[in-house]
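Engineer: The following block contains the structure, expressed as structure tokens.
The values are calculated or read from the model by the stated rules, or taken from the named source; none is laboratory data. The structure displayed is predicted, hence computed values, not measured ones. Ideal geometry is used to build each Cβ from the backbone, glycine not excepted, and the neighbour counts take in all protein chains shown.
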Amino acid sequence: MATEVELKIDGSIATFTFVSEKANVLSAATLEVLSRQVAAAEANKQVRVGIFTGGGPTFLAGADIKELAGLLTPSSGLRVGRLGKAVLNAIAGSPMVSIAAINGVCVGGGCELALACDLRIATVSAKIGLPEVGLGVIPGWGGTQRLPRLIGSARAKELILTGQVITGEAAASVGLVNQVVPDGDVMAAALVMANRILGPGPAAVRAAKTAIDRGLNRDLAGGLEVENELFSQCFGRAEAMEGLNAFLQKRPAKWPQEA
């Protein structure tokens, strides 16, 4: 049975759950379904946060190895690499703030999906890593690029070049995940985080995410220019007027619908 992607939308939160009779894996078919589900969530203008998690004891055990074993030509590798990157880039570039709620095995392509998310929360006993070199290949869906940017090149090289898989607790210690929680508590923690994100101004949150993501691709001077552009745009919105006046009047902000 292929891994399914179940989408549930509850108000401003979309939850994407990977479900399979066995270990959850990212086959080409699953990636295509995931792409459609992400697009469907984005089309709902109420959705502001997306939570990705696994049904059962596995978050995502990477790509479908049986499928990859039948693709042993450079052209086939290029095709599957581009497909995975396209889907994960869509998650990374989405206006939704994405949270990976890692509840078990999260390796290979599963780890790369988590790295494409804005935030990561893992259980203490989660197993996280990029063990592709043990299969004679390298991470091909962004792992060699996103992990160094997240935790630094030296630590990233150690994990990628050895193929080491670490616990959620160890991942938190190196900055790979934002938060580590007891087993069974990851969805509750993700929902707490999601609701914190939903509290501030919606347009401001989107602008801050954009500033960070676009700035990372530039030097400091270029990043500051990106920030200045997005900062100035805030002042043309009713949201900023409401937020600033609410602060001065010592009352909760009532964000305008246009935001």
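Engineer: Would you mind stating whether Asp183 is under 16 Å from the mean Cα position of the chain (by Cα) and either in the same structural domain as Thr58 (by TED's automatic domain parsing) or more than 30 Å from Ala207 (Cβ to Cβ) (or both)?
Structural biologist: It is false that Asp183 is under 16 Å from the mean Cα position of the chain (by Cα) and either in the same structural domain as Thr58 (by TED's automatic domain parsing) or more than 30 Å from Ala207 (Cβ to Cβ) (or both).
Engineer: Applying the selection to segment 97-130, what residues are of a type outside the set (A, V, I, L, M, F, W, C), over 16 Å from Ser173 (Cα atoms) and free of Cβ contacts under 8 Å to residues at least 60 places away in the same chain?
Structural biologist: Listed by number, the residues that qualify are Ser98, Gly104, Gly108, Glu112.
Engineer: If I ask for residues that are under 30 Å from Gly56 (Cα atoms), among the hydrophobic types (A, V, I, L, M, F, W, C) and free of Cβ contacts under 8 Å to residues at least 60 places away in the same chain, which ones from segment 181-220 would you list?
Structural biologist: Ala188, Val192, listed by residue number.
Engineer: Also, quick follow-up: Test Phe16 against the criterion of being of a type outside the set (S, T, N, Q), closer than 24 Å to Glu169 by Cβ and either modelled with pLDDT of 95 or more or not assigned by TED's automatic domain parsing to the domain that holds Leu135 (or both), and give yes or no.
Structural biologist: no
Engineer: Evaluate segment 124-138: report whether one residue or more is of a type in the set (Asp, Glu) and in a loop (DSSP other than H, G, I, E, B).
Structural biologist: No, there is no match, as no residue in segment 124-138 is of a type in the set (Asp, Glu) and in a loop (DSSP other than H, G, I, E, B).
Engineer: Given Ala154, Ala171, which one is surrounded by 24 or more Cβ atoms within 10 Å (Cβ to Cβ), over 30 Å from Gly11 (Cα atoms), more than 12 Å from the chain's Cα centre (by Cα) and not acidic (Asp, Glu)?
Structural biologist: Among Ala154, Ala171, only Ala171 is surrounded by 24 or more Cβ atoms within 10 Å (Cβ to Cβ), over 30 Å from Gly11 (Cα atoms), more than 12 Å from the chain's Cα centre (by Cα) and not acidic (Asp, Glu).
Engineer: Could you check segment 202-259 and list, in sequence order, the residues that are of a type in the set (Lys, Arg), surrounded by 12 or more Cβ atoms within 10 Å (Cβ to Cβ) and over 24 Å from the mean Cα position of the chain (by Cα)?
Structural biologist: Arg237
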